[in-house]
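The values are calculated or read from the model by the stated rules, or taken from the named source; none is laboratory data. Source: prediction; values computed, not measured. With ideal geometry, Cβ positions are generated from the backbone for all residues, glycine too; neighbour counts draw on all protein chains shown. Calculation scope for accessible area: heavy atoms of the full protein, side chains included, ligands and nucleic acids excluded. Shrake-Rupley method; radii C 1.70, N 1.55, O 1.52, S 1.80 Å.
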Amino acid sequence: MTRSRGLGFSSVLRKTNVTMKMIINAFVGVIVGFLIGFSVNKFDSSLFHSNSHNDDAVINSLSQKPWSSAECQNLTSTDLSQNYGATTKRSVPRGTETLPPGIIASESDLYPRRLWGKPTEDLTFKQKYLVTFTVGYRQKDNIDAAVKKFSDYFTIMLFHYDGLTTEWDEFEWSKRAIHVSAPKQTKWWYAKRFLHPDIVAPYEYIFIWDEDLGLEHFYADEYIKLVRKHGLEISQPGLEKTKKFTWPMTRRIVGGEVHKVVEEKPGDCKDHLPPCAAFVEIQAPVFSREAWRCVWHMIQNDLIHGWGIDFSLRRCVEPAHEKIGVVDAQWIIHQGIPTLWNQGKEKFGKKKMVRERCVREWGMFGNRMHDAETNYCGAISVNQRESTNSSSLE
């Protein structure tokens with residue numbers, strides 16, 4: 001009996017202790033939770049409202065109607081839109097008439113940014129130049145060798161016509177490069193869609209190159225120095241003479257730094273016109289930022305091979321025969337690997353069909369340029385005649 005009661009009392013005591021522990025633990029948990037919650041709220045407040053007065057004012061402003069600042073209260077929407085261009089002293093980007101000019105970011109860049117921290121601290125180093133290659137994975141070794149000729153001052157951008165992108169990560173530089181993929185497209189298709197002048201505006205020079213170039217005798221930084229020295233806005237490296245056809249103008253002249261004119265045949269270059277002056281080819285062109293802004297607008301959206309553009313590059317710089325040239329001291333080899341020639345329909349002959357499209361585009365571009373010139377110059381002549389007639393009546 002005594003033992004039995006003793007055991008029962010001990011059991012009750014243990015249950016009481018367990019209950020008290022649970023009560024104490026719950027109480028402590030509530031207190032700790034309150035303290036943590038208070039600390040987090042305080043942290044959030046300090047993180048997101050470091051200047052609560054100013055932040056509240058901004059939030060209130062954004063939640064109100066457009067143009068809600070005190071200075072704008074007495075102005076109508078018509079006043080704001082009509083005076084937009086006059087107050088900013090610059091052209092109005094289409095579609096921004098309802099925005100205050102100071103908030104408009106009309107240019108962008110290709111610099112990757114991190115997902116944390118202050119935006120102003122994202123970029124510790126900015127590349128000054130851009131080089132793009134339109135590539136297929138089969139040419140990976142040649143592109144790897146080519147990329148190593150470009151210093152850290154260059155942003156590397158690959159346009160993938162075969163859809164293979166992550167495979168390039170075997171190269172360390174590829175992990176820092178920008179990759180854009182669209183099956184079976186040419187570099188001029190990519191350039192028109194992804195190299196808008198307002199996107200590549202931070203870069204002083206833009207290289208738009210093919211994948212089948214041998215760069216054993218080329219160093220990008222030295223090339224830039226020569227381009228600057230000779231005032232070239234549009235240029236290319238000299239081409240080492242091979243069995244592949246090249247225009248005489250773009251062939252390397254041994255012993256010189258740069259040349260800007262040659263003779264196809266004696267007496268051919270009287271007017272400094274392509275292809276013996278003011279001319280580079282389309283496989284390895286280099287454009288200054290200003291020249292590219294003009295050239296981009298000249299590229300036709302549906303003419304993807306670029307044939308014929310090289311004969312009209314002279315329209316984007318003046319005087320063209322002084323600002324377009326070939327850099328002989330930094331030369332390359334055009335290997336002539338027709339990687340995109342095999343994208344036509346099998347039954348018609350792939351290579352033949354692609355080449356026919358190239359030649360057709362050349363003619364179409366020439367016709368469009370001729371028509372555009374005719375219409376433009378005709379309109380100018382009409383305006384001049386009308387102006388003359390109006391003056392004589394007065």
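Could we say that P183 is outside any helix (DSSP H, G or I), of a type outside the set (K, R) and open to solvent by 30 Å² or more (accessible area, probe 1.4 Å) here?
Judged against the criteria, P183 is a match.
Among the residues of region 159-175, count how many are surrounded by fewer than 17 Cβ atoms within 10 Å (Cβ to Cβ) and in contact with a strand residue (DSSP E or B) (Cβ under 7 Å, 6 or more places away or on another chain).
So the count comes out to 3.
Condition test on R113, is it open to solvent by 60 Å² or more (accessible area, probe 1.4 Å) and assigned to a loop (DSSP other than H, G, I, E, B)?
For R113, the condition - open to solvent by 60 Å² or more (accessible area, probe 1.4 Å) and assigned to a loop (DSSP other than H, G, I, E, B) - is met.
To keep it simple, each residue is scored yes or no on (1) at pLDDT below 95; (2) loosely packed, with under 13 Cβ neighbours inside 10 Å.
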site	(1), (2)
P66	yes, yes
L75	yes, yes
I103	yes, yes
S106	yes, yes
G117	no, yes
F133	no, no
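Name the single residue, out of those in region 198-222 being within 11 Å of the chain's Cα centre (by Cα) and part of a loop (DSSP other than H, G, I, E, B), that is farthest from I156 (Cα to Cα).
For region 198-222, the residue satisfying everything is D198.
Report, ordered by the first and then the second residue, all pairs with beta carbons closer than 6 Å, sequence separation of six or more or different chains, a first member in region 137-154 that is charged (D, E, K, R), and a second member that is open to solvent by less than 30 Å² (accessible area, probe 1.4 Å).
Once the first residue is charged (D, E, K, R) and sits in region 137-154, its partners that are open to solvent by less than 30 Å² (accessible area, probe 1.4 Å) give D144/F171; K149/L215; K149/F218; K149/A220.
Mind listing just one residue for me: the one in region 351-373 that is at pLDDT below 90 and open to solvent by less than 70 Å² (accessible area, probe 1.4 Å) and, of those, nearest to N142 (Cα to Cα)?
Going through the qualifying residues, I end up with V354.
Return the residue satisfying two criteria in turn: it lies in region 291-308 and is of a type in the set (A, V, I, L, M, F, W, C) and either surrounded by 21 or more Cβ atoms within 10 Å (Cβ to Cβ) or in a loop (DSSP other than H, G, I, E, B) (or both), and of such residues it is nearest to the chain's Cα centre (by Cα).
Only one residue tops the list, namely W292.
Check off (1) out of contact with any strand residue (DSSP E or B) (no Cβ under 8 Å at 6 or more places or on another chain); (2) aromatic (F, W, Y); (3) farther than 30 Å from F365 by Cα for W189 and give me the number that stays unchecked.
Here W189 clears every test but (3).
Within region 190-246, can you find the residues that are open to solvent by 10 Å² or more (accessible area, probe 1.4 Å), at pLDDT 95 or above and β-branched (V, I, T)?
The answer is I199, and nothing else.
In region 119-131, which residue that is of a type in the set (S, T, Y) and either part of a loop (DSSP other than H, G, I, E, B) or open to solvent by 80 Å² or more (accessible area, probe 1.4 Å) (or both) is nearest to D210 (Cα to Cα)?
Filtering first and then ranking leaves T124.
What residue, among those in region 247-290 that are assigned to a loop (DSSP other than H, G, I, E, B) and aromatic (F, W, Y), is most open to solvent (accessible area, probe 1.4 Å)?
That would be W247.
Could you say whether any residue in region 142-161 is farther than 27 Å from Y223 by Cβ and more than 15 Å from the chain's Cα centre (by Cα)?
No.
Look at D141 and say whether it is at pLDDT 95 or above, open to solvent by 30 Å² or more (accessible area, probe 1.4 Å), among the charged types (D, E, K, R) and in a helix (DSSP H, G or I).
Taking the combined requirement at face value, the residue satisfies it.
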